[in-house]
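I have placed the structure first, in the form of structure tokens, so that the comments after it can refer back to it.
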Amino acid sequence: MNPSNLQDEKNRGEKARLLLEEPLIKEAFELLKKEYKQAIFQTKYNEGDTRTALWQAYHITDKIENHLHTVVETGKLATVQLNQLKKNST
């Protein structure tokens, strides 16, 4: 990967880290997952479609959060690679 792409990945990782550390974002993920989970258990036996939609919403929220964690980790790896390139060029 070229240094420009690595720098982009590093920058994206930092932005994702800042988002995940933002109290309002943390609160949003926690609140949404809690509400979806509670709502699933409040559905009646004949509300399969509603339960499915809530299950999907819960997991989509989780996937978004996990994606941000992945971007953070990719940024960390890009930082290591950039440091290695700098070290090798001196």
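The values are calculated or read from the model by the stated rules, or taken from the named source; none is laboratory data. The shown structure was predicted, so the numbers you read here are calculated from the model rather than taken from an experiment. Neighbour counts are summed over all protein chains in view; Cβ atoms, including those assigned to glycine, are modelled from backbone coordinates with ideal geometry.
Some notes on this structure:
- For first residues located in region 37-59 and without any contact (Cβ under 8 Å) to a residue 60 or more places away in the chain, partners that are of a type in the set (K, R) and lie 6+ apart or on another chain with Cβ distances below 8 Å form the pairs I40/R51; T43/R51; Y58/K33; Y58/K37.
- Look at (1) of a type in the set (S, T, N, Q); (2) surrounded by 14 or more Cβ atoms within 10 Å (Cβ to Cβ); (3) over 12 Å from the mean Cα position of the chain (by Cα); (4) part of a helix (DSSP H, G or I) and you find that Q56 fails only one, number (2).
- Long-range neighbours under 8 Å by Cβ, at least six apart or interchain, first residue surrounded by 11 or more Cβ atoms within 10 Å (Cβ to Cβ) and at pLDDT 95 or above within region 18-36, second of a type in the set (F, W, Y) and part of a helix (DSSP H, G or I): L32/Y58; K33/Y58; Y36/W55; Y36/Y58
Yes or no, residue by residue, for (1) of a type outside the set (V, I, T); (2) in contact with an Asp or Glu (Cβ under 8 Å, 6 or more places away or on another chain); (3) over 30 Å from K10 (Cβ atoms):
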| position | (1), (2), (3) |
| --- | --- |
| K33 | yes, yes, no |
| A39 | yes, no, yes |
| D49 | yes, no, yes |
| A53 | yes, no, yes |
| D62 | yes, no, no |
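- In region 64-77, the condition of being small (G, A, S), assigned to a helix (DSSP H, G or I) and exposed (fewer than 14 other Cβ atoms within 10 Å of the Cβ) is met by no residue.
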